[in-house]
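Asks: The structure follows.
The values are calculated or read from the model by the stated rules, or taken from the named source; none is laboratory data. Being a predicted model, the structure only gives us computed values, none of them experimental. No Cβ is skipped: glycine too gets one built from the backbone with ideal geometry, and neighbour counts run over all protein chains shown. To get the accessible areas, we keep the full protein, side chains included, count just its heavy atoms, and leave off ligands, DNA and RNA. Shrake-Rupley method; radii C 1.70, N 1.55, O 1.52, S 1.80 Å.
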Amino acid sequence: MADKFCVTITHCRTDGDKATLGFVVANAAQGSEKETMVFLSSDGVYCAVKGEAEKIDEGAPFAPLKELVGKFVNAGGKVYVCTPCLKKRGLGENDLVDGATPAGGAALVEWLSSGSPCVGY
Amino acid sequence: MSEAYPDHWEFDDEFDGGDETCGRVIINLYTYLKPMPPGYRILLISKDPAAPIEFPAWCRMTKNALLDMVHPYYLVEYKPELKKE
């Protein structure tokens, strides 16, 4: 059984439900002692942009996105954010919340090439 | 759903996940158990209808021992393999 896990999320403003679900599964993976990486790309980068996660709350039984991201990072989860996707939106490293790291395709490919399963939202 | 856990169950503490489901209860449980010593026993309570599938899977992945289960009650021993004899 692989000891790593990856969740890719491509939505936030476009589909808060998918962004929320992605982080719920990421929390399940990190909480199951998998070394877990969330890779945010396309509109998903907004999950890690200051002030944006606060806007997503799908209601019960889901926790607000801000809480889900915070729990994931505090539990040791990694959040990588696609740099060209940020740049396209006029955003940069300084716009990201604490715990989020700009990264590119090589980081994602290396992670998955080590045998990590991946689920996408 | 059982009204009470079996009389013979012995544990050090209890963790009530309430109605919370999926990643939410898992990350809370993980964070709660992390500082506990190997061999620590908890009574886990979860009314999540997925709990009979979720907690056995979680215990297998994390090498925690699911000693017994009578939904919504689960008797879990934390990291028994790391216990010092």
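Asks: So, in the range A:1-23, how many residues would count as being within 14 Å of another protein chain (Cβ to nearest Cβ), open to solvent by 10 Å² or more (accessible area, probe 1.4 Å), touching a Gly at 6+ places or on another chain (Cβ under 8 Å) and under 17 Å from A:Phe62 (Cβ atoms)?
Replies: Residues meeting the conditions: 0.
Asks: Just checking, how many residues over the range A:93-110 are aliphatic (A, V, I, L, M) and open to solvent by 70 Å² or more (accessible area, probe 1.4 Å)? Talk me through it step by step, then tell me what you get.
Replies: Taking the range A:93-110 as the starting set, the residues that turn out to be aliphatic (A, V, I, L, M) are A:96-97, A:100, A:103, A:106-109.
If we keep only those that are open to solvent by 70 Å² or more (accessible area, probe 1.4 Å) too, we end up with A:106, A:109.
Residues in the range A:93-110 being aliphatic (A, V, I, L, M) and open to solvent by 70 Å² or more (accessible area, probe 1.4 Å): 2 in total.
Asks: Name the residue, out of B:Glu10, B:Glu20, B:Glu3, that is of a type outside the set (Gly, Ala, Ser) and at pLDDT 90 or above. Working first, answer last.
Replies: Numbers: B:Glu20 fails: at pLDDT 90 or above; B:Glu3 fails: at pLDDT 90 or above.
Step by step, each of B:Glu10, B:Glu20, B:Glu3 is checked, and only B:Glu10 is of a type outside the set (Gly, Ala, Ser) and at pLDDT 90 or above.
Asks: For the range A:1-108, give me every one of the helices (runs of 4 or more DSSP H) that falls completely inside it and has 1 or more residues that are farther than 23 Å from B:Trp58 by Cβ and free of Cβ contacts under 8 Å to residues at least 24 places away in the same chain.
Replies: Working: elements: A:16-31, A:65-74, A:83-88.
Where helices (runs of 4 or more DSSP H) fall fully within the range A:1-108 and carry at least 1 residues being farther than 23 Å from B:Trp58 by Cβ and free of Cβ contacts under 8 Å to residues at least 24 places away in the same chain, they are A:65-74, A:83-88.
Asks: Mind checking which residues of the range B:52-85 are free of Cβ contacts under 8 Å to residues at least 24 places away in the same chain and touching a strand residue (DSSP E or B) at 6+ places or on another chain (Cβ under 9 Å)?
Replies: Selection gives B:Pro52, B:Phe55, B:Pro56, B:Cys59, B:Arg60, B:Ala65, B:Leu66, B:Met69.
Asks: Yes or no: the range B:48-69 includes at least one residue that is more than 13 Å from the chain's Cα centre (by Cα), open to solvent by less than 70 Å² (accessible area, probe 1.4 Å) and on the phi > 0 side of the Ramachandran plot.
Replies: No.
Asks: Among (1) surrounded by fewer than 24 Cβ atoms within 10 Å (Cβ to Cβ); (2) within 15 Å of B:Ile27 (Cβ to Cβ); (3) modelled with pLDDT of 95 or more, there is one condition A:Pro61 misses while meeting the rest; what is its number?
Replies: (3)
Asks: Ok, one more. Please work out if B:Val76 is buried (at least 20 other Cβ atoms within 10 Å of the Cβ), farther than 22 Å from A:Lys71 by Cα and at pLDDT 95 or above.
Replies: Values: buried (at least 20 other Cβ atoms within 10 Å of the Cβ): yes; farther than 22 Å from A:Lys71 by Cα: yes; at pLDDT 95 or above: yes.
The answer is yes for B:Val76.
Asks: Right, B:Tyr5: out of contact with any Ser or Thr (no Cβ under 7 Å at 6 or more places or on another chain) and either open to solvent by less than 30 Å² (accessible area, probe 1.4 Å) or within 19 Å of A:Glu33 (Cα to Cα) (or both) or not? If you could, list the steps in order and put the result at the bottom.
Replies: Values: out of contact with any Ser or Thr (no Cβ under 7 Å at 6 or more places or on another chain): yes; either open to solvent by less than 30 Å² (accessible area, probe 1.4 Å) or within 19 Å of A:Glu33 (Cα to Cα) (or both): no.
The answer is no for B:Tyr5.
Asks: Looking only at the range B:1-19, count every residue that is closer than 23 Å to B:Lys63 by Cβ and within 14 Å of another protein chain (Cβ to nearest Cβ) and tell me the total.
Replies: Number of matching residues: 2.
Asks: So for the range A:82-92 (the condition being open to solvent by 30 Å² or more (accessible area, probe 1.4 Å), within 19 Å of B:Glu20 (Cβ to Cβ) and not β-branched (Val, Ile, Thr)), does at least one residue qualify?
Replies: Looking only at the range A:82-92, we keep the residues that are open to solvent by 30 Å² or more (accessible area, probe 1.4 Å), and these are A:83-84, A:87-91.
Next cut, within 19 Å of B:Glu20 (Cβ to Cβ) only: none.
There is no residue in the range A:82-92 that is open to solvent by 30 Å² or more (accessible area, probe 1.4 Å), within 19 Å of B:Glu20 (Cβ to Cβ) and not β-branched (Val, Ile, Thr).
Asks: On the given criteria, is B:Ile27 without any contact (Cβ under 8 Å) to a residue 12 or more places away in the chain and open to solvent by less than 10 Å² (accessible area, probe 1.4 Å)? Before you say what the answer is, go through the steps one by one.
Replies: Details: without any contact (Cβ under 8 Å) to a residue 12 or more places away in the chain: yes; open to solvent by less than 10 Å² (accessible area, probe 1.4 Å): yes.
Taking the combined requirement at face value, the residue satisfies it.
Asks: State all residues of the range A:30-56 that are within 14 Å of chain B (Cβ to nearest Cβ) and surrounded by fewer than 24 Cβ atoms within 10 Å (Cβ to Cβ); if no residue qualifies, say none.
Replies: First, the residues of the range A:30-56 that are within 14 Å of chain B (Cβ to nearest Cβ): A:30-36, A:38.
Hits for the range A:30-56 are A:Ser32, A:Glu33, A:Lys34, A:Glu35.
Asks: Here's a follow-up. Identify, from the list A:Ala48, A:Ala53, the residue that is among the small types (Gly, Ala, Ser), touching a Pro at 6+ places or on another chain (Cβ under 9 Å) and closer than 21 Å to A:Asn94 by Cα. Spell out how you get there, then give the answer.
Replies: Details: A:Ala48 fails: touching a Pro at 6+ places or on another chain (Cβ under 9 Å).
Checking each option against the conditions leaves just A:Ala53.
Asks: B:Ile45: away from chain A (no Cβ under 12 Å) and not acidic (Asp, Glu), yes or no?
Replies: In short, yes.
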